[in-house]
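Here the structure comes first, spelled out in structure tokens, and everything after it is commentary.
Please treat every number below as a calculation from the coordinates, not as lab data. The model shown is predicted, which means the values in this text are computed figures rather than measured ones. In this analysis, Cβ positions are derived from the backbone assuming ideal geometry, glycine residues included, and neighbour counts consider all displayed protein chains.
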Amino acid sequence: MKSFEYGDREIGTTEVVYGVSNMVIGFGVLTLPRSLAAMTESSDGWISLMIGGGAALVFGWLIALLCARFPKMGLSDMTKAVANGAVANVVAMLFACYTFLFVGYETRGLANISKLYLFDRTPEEAICLFFLLVLAYGVAGPSAALLRLNLIFLPLVLIIVFLVLTMNITFFNMHNLKPLFVTDWQDTLKATKGTVFSFLGFEIFLFYNAWANRPKAMKKAILGGLAIPLFIYLIVFVFVIGIFGSEVTKNTLYPTAELAKQVEIPGGFFERFESIFFTIWVVTLFNTAAMAFDVTIIALRTLFPKPKRMTWVIWLCPLIYLVSMQPQSVTEIDTFGEWISYAGLAIGWCLPAVLLGVAKMRRIKGNEQAS
Amino acid sequence: MSESASDDKRGESYVFPDMQENIGHIRRMLGDPADLVIRIISIGGGERSCALAFLSGLSDKAVIDEQIVRQILKAGRFGQEDTGMDISEVLGGLRNETMSVSQVLEVNLWSDVIKAVLYGDTAMFLEGADDVLLIGTQNWKERSIDEPPTEALVRGPREGFTEKIETNIGLIRRGIRDMNLRFVSYTIGRRSRKTLILTYIQGIIHPAIVEEARRRLDTIDIDDAPESGFIEQWIEDSFLSPFPQLLHTERPDKVRAALLQGKAAVMLEGTPFALILPTTFVALIQSPEDYYERWLIGSLIRLLRYLAVIIALFAPAIYIALVSFHQGMIPFKLAFSIAAAREGVPFPAIIEAMVMEGTLELLREAGVRLPKPIGQTIGIVGGLVIGEAAVQAGVVSPIMVIIVAVTAISSFAIPSYSAGIAFRMLRFATMLAAGILGLFGIILTFIMISTHLVRLRSFGMPYSAPFAPMFITDWRDLVIRSPVTFLTKRPEFIQTKNINRANKRGKRS
């Protein structure tokens, strides 16, 4: 707080907490209850959620350790310090590809749901295009501003989620939750895969670490940021099962949005609350996509420092558009998402863990390397 | 000290010892204007004589007659040539013993003389002397300190700035009797040479803000700055932004409050509008009255204004989105009445809204331009007659008229006039987006506006503070205005050098 320059190139702990939550909360909340209900019996999905969340917390902790070990360094610099420049370039390239595809997936997914809940006739192509234009505008500015945007958007998202939940409280039926602990452990573990996927995203803070002004607080910030989505997932899952029951949930495409559909505004001021719910939801999807896009550019710029940020934005946008238009159906979008999740797991979680291990073995620390 | 224009060679020349030559020179330089008065007097009726030169419209005749001419006529002992005093002693004597005017300067550069005469001072040329006396006789008809018409309050001081900078400085000093109050003066305008004052409280403000403000003010180089709007546009951070990055106000109490918060203010001669810097988004929505009323009232009124911002930005857009994209969201009964009302309307909602909002902006503009008594007529003709007739003719639906009216009222509830215009401008963008993409378009414009606000800075200060970056302690005076006893700290985001502004436990502890 001493420096006057908190405007430009610094990210505080609050920004990291909000950023991590906002990055993680995305489609997960909308689809997770369905995939969990499909694989587990009754309300036992929460066990999988806890395990998935636990795994995310462990990896979050590892990533935070890595960040704290190399203060003021992005992933490429970390890799360079631990291994060498060539490996760092490969890692940056992989990461850029991952986040790039992620933006494409996110854009397409958003268009898909918008089509379902907001539009009848407007084609997905147009929705994607406009979203991408706004995305380009968002990414054109400094990264710190994007992270700061989380501070405005996350509260909106949390408010709308809690609004939906509290307004549904009358439909909540405890009997739907019973019986407990009926799923066998193999199914529980299988379901965990999906829950782990829904915690992906926060690994991009490996790059933002370069601007974190308090690397020591990274651990608390990332874990705190992960706790918020874990809590949201749990409470939403319990509500969805409690209201619809396991059977209905299994067969609903976006159970959380259906939850919003049930909401009746007192006084009948307007109907179809799910439209409002989804409109607000766009905000967090935008932020997730924008941060991923931003990290793509940051990673690419470590590889090719010459082109300006704007040049990258202009070149990448059409490519993202092409990528997002590739899947032809909802199933294909899901498969696409799944592959990206595998990539994220490998590049975003396992790789930093390995990096941390090597750094520990070789006793490499950031500060000596930086000086 | 004098920043004479570089292309002005005369600036280097000195005053002549010969009085007649001086008189000729000053006449020539100013082009022998009609308002230049030259008065030649013999000192105390003796052999020595001197000449007074001043511009009649800018100088105080009474002071010149009573305090200068009369005194010189009485100063007999300086009038004789055989008293043994040399000429500079005579000049010194005249200056120190004769003139009963508080402000007298002795100079010998023509540039200084001309500048002073153009400001309304009187130059006195003494026959044979190398120097000239500049006597402070500036006087300008000034209007009285009135309540500012653009920022009226129900409760609060009824004083506003005037066009005279000295008065304005006085108004600020009268409220903050602190020796650390600073007034840094600049001369703005190559030709207009107006005084500009940067004011702040040393020891509260962060030095970097002052430094940045001074750096930017130093870059100003224009012929004339007729209004502080010129200064604002010259030193603002982003000229592309629709949002005002410096807050302008006519209220001294607002400026004083800002100074005590650790901000700075810029005042320009010739305009009652002072600029407050740095400014944040929330400052546009706050009004001094929030603090003068009790905290519950203040908080509620402030909340109402946030609501007004949302309505001003999004109400017509939401109407367009609902009517043309999401009819299902409108409750059953209302949908029927809207459909019935729109029955004969030949245009899509977006055209309808654009036409009405455009008309409203026209009415507003016309109302400002017209003289006051006719202005009200325009309001009635425009508001009632056009609205009613448009509905009757089936060009717009009655609901559209309601929405337009509510939006207009909301946009005028925003205390900062230029912020109100900014919101009205953005409203057209949201309407267009809603016309293309419905609710999705509205949320996209919301995202863009938020992104822009988060990026925008005012003198190095994030415009969206204390929302983002977040300063929780500042939230007690943000959406809610906490009780005065809770507001013990200055805003954290400005990083003031002195943190406490009140002690909750009172004076005793």
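Beyond 15 Å, what share of the Cα-Cα pairs of segment A:224-272 is found? Please give it as a whole percent. Intermediate values should be presented prior to the final figure.
Numbers: 631 of 1176 pairs.
Of all Cα-Cα distances in segment A:224-272, 54 percent exceed 15 Å.
Percent of Cα-Cα pairs more than 26 Å apart in segment B:9-135, please. Walk me through the numbers on the way to the answer.
Details: 1083 of 8001 pairs.
Tail fraction, whole percent: 14.
Taking the square root of 5 times each eigenvalue of the Cα gyration tensor, what semi-axes in Å does the equivalent ellipsoid of segment B:79-214 have, largest first? Display every interim value, and only then the final one.
On the way: eigenvalues 313, 69, 47 Å².
With the √(5λ) rule applied to segment B:79-214, the semi-axes are 40, 19, 15 Å.
Can you tell me the FRET efficiency between B:K141 and A:K115 if r is taken as the Cβ-Cβ distance and R0 is 51 Å, rounded to the nearest 0.05?
Calculated value: 0.15.
Using only atoms on other chains, find how many Cβ atoms lie within 10 Å of each Cβ of peptide B:432-444 and report the average.
On the way: counts 0, 2, 0, 0, 3, 8, 6, 10, 15, 5, 2, 11, 11.
Mean inter-chain Cβ contacts per residue within 10 Å come to 6.
Arranged from highest to lowest average of other beta-carbon atoms within 10 Å per residue, in what order do the peptides A:328-336, B:94-102 appear? The partial results should precede the final answer.
Working: A:328-336: 12.8, B:94-102: 15.9.
Highest mean packing first, the order is B:94-102, A:328-336.
When a/c reaches 1.5 or more, the comparison of a/b and b/c decides; with that in mind, is segment B:149-279 rounded, prolate or oblate per its Cα gyration tensor? Kindly include the intermediate steps, with their values, before the conclusion.
Values: a/c = 1.34, a/b = 1.23, b/c = 1.09.
The shape class here is rounded.
Can you tell me the relative contact order of segment B:170-241? Whole percent, Cα pairs under 8 Å, sequence separation 6 or more. Show your work: numbers first, answer last.
On the way: 64 pairs, mean separation 20.2, N = 72.
Value for segment B:170-241: 28 percent.
Pairs of Cα atoms under 8 Å, at least six residues apart: use those to get the relative contact order of segment B:149-279, whole percent. Don't skip to the answer; put the middle values down first.
On the way: 221 pairs, mean separation 44.1, N = 131.
It rounds to 34 percent for segment B:149-279.
Over segment B:9-135, what is the relative contact order in percent, taking alpha-carbon pairs closer than 8 angstrom and at least six residues apart?
34 percent
Note the angle between two axes, namely the Cα long axis of helix A:13-24 and the longest principal axis of the Cα atoms of chain A, as a number of degrees from 0 to 90, rounded to the nearest 10.
Roughly 50 degrees, rounded to the nearest 10.
May I ask you to list the lysines whose Cα is less than 27 Å away from that of B:K115, ignoring any residue fewer than eight positions away on the same chain?
Here the lysines satisfying the reach criterion relative to B:K115 are B:K9, B:K61, B:K141, B:K164, B:K194.
If I take the Cα coordinates of segment A:295-342 and project them onto the principal axes, what are the three extents in Å, biggest first?
Taking max minus min along each principal axis of the Cα atoms, segment A:295-342 gives 39, 22, 11 Å.
Per-residue mean of other chain beta-carbon atoms within 10 angstrom of the beta-carbon, peptide A:132-140? All intermediate terms of the calculation are to be shown ahead of the outcome.
Numbers: counts 0, 2, 8, 2, 0, 5, 7, 1, 2.
Across A:132-140, the average partner-chain Cβ count within 10 Å equals 3.
Most exposed first by the Cβ proxy, i.e. fewest other Cβ within 10 Å, how do A:D184, B:D224 rank?
Working: A:D184 11, B:D224 14.
Lowest to highest Cβ neighbour count: A:D184, B:D224.
Nearest 10 degrees, 0 to 90: what angle lies between the long axis of helix A:143-167 and the longest principal axis of chain A (Cα atoms)?
That works out to roughly 20 degrees.
Restricting things to Cα coordinates, could you compute the convex hull volume per residue of segment B:216-282 in Å³? All intermediate terms of the calculation are to be shown ahead of the outcome.
Working: hull volume 6.4 nm³, N = 67.
Normalising the Cα hull of segment B:216-282 by residue number yields 96 Å³.
What fraction, in whole percent, of alpha-carbon pairs in segment B:90-146 exceed 20 Å separation? Working shown, then result.
Working: 465 of 1596 pairs.
Cα-Cα pairs of segment B:90-146 separated by over 20 Å account for 29 percent.
Once the principal axes of the Cα atoms of segment B:331-466 are found, what is the range along each, listed largest first in whole angstroms?
53, 44, 21
For segment A:13-357, compute Rh as the Kirkwood radius over C-alpha pairs and then the Stokes-Einstein diffusion coefficient at 20 °C and 1.002 mPa s; write the answer in µm²/s, rounded to an integer. Mind dumping the intermediate values first?
On the way: Rh = 20.4 Å.
Reported coefficient: 105 µm²/s.
List the trypsin sites (Lys or Arg not before Pro) within segment A:285-371 that DSSP assigns to loop and that have no more than 12 neighbouring Cβ atoms inside 10 Å. Provide the component values of the computation, followed by the final result.
Working: sites: A:R301, A:K308, A:R309, A:K360, A:R362, A:R363, A:K365; in loops: A:K308, A:R363, A:K365.
Of the trypsin sites (Lys or Arg not before Pro), the ones in loops of segment A:285-371 whose Cβ has at most 12 other Cβ atoms within 10 Å are A:K308, A:R363.
Normalized C-alpha radius of gyration of the protein assembly as shown, against 2.2 N^0.38 Å? Mind dumping the intermediate values first?
On the way: Rg = 35.0 Å, N = 880, 2.2 N^0.38 = 28.9 Å.
Normalised by 2.2 N^0.38 Å, the Cα Rg of the protein assembly as shown equals 1.21.
Given the peptides A:89-96, B:237-244, A:67-74, B:378-385, arrange them by the average over their residues of other C-beta atoms within 10 Å, most packed first. Walk me through the numbers on the way to the answer.
Values: A:89-96: 19.8, B:237-244: 15.1, A:67-74: 22.1, B:378-385: 13.5.
Descending mean neighbour count gives A:67-74, A:89-96, B:237-244, B:378-385.
Which chymotrypsin sites (Phe, Trp or Tyr not before Pro) in segment A:228-294 sit in a loop by DSSP (not H, G, I, E or B) and have at most 11 other Cβ atoms within 10 Å of their own Cβ?
On the way: sites: A:F231, A:Y233, A:F237, A:F239, A:F244, A:F269, A:F270, A:F273, A:F277, A:F278, A:W281, A:F286, A:F293; in loops: A:F269, A:F270.
Answer in residue order: A:F269.
Please compute the average number of Cβ atoms from other chains found within 10 Å of each residue's Cβ in peptide A:14-23.
Working: counts 5, 3, 0, 0, 2, 0, 0, 0, 0, 0.
Mean inter-chain Cβ contacts per residue within 10 Å come to 1.
Compute the distribution of all C-alpha to C-alpha distances in chain B, in bins of 20 Å from 0, and list the percent of pairs in each, rounded to whole numbers.
In order of increasing distance, the bins hold 18, 39, 28, 12, 2, 0 percent.
What helices does chain B have that are whole DSSP H segments, at least 15 Å long along their own axis by Cα, and with mean Kyte-Doolittle hydropathy of 1.0 or more? Before the final figure, lay out the partial values.
Details: long enough: B:19-30 (17 Å, -0.54); B:165-175 (16 Å, -0.02); B:207-218 (16 Å, -0.79); B:295-324 (42 Å, 1.92); B:349-369 (30 Å, 0.64); B:398-412 (22 Å, 2.33); B:417-455 (29 Å, 1.45).
Membrane-span-like by this rule: B:295-324, B:398-412, B:417-455.
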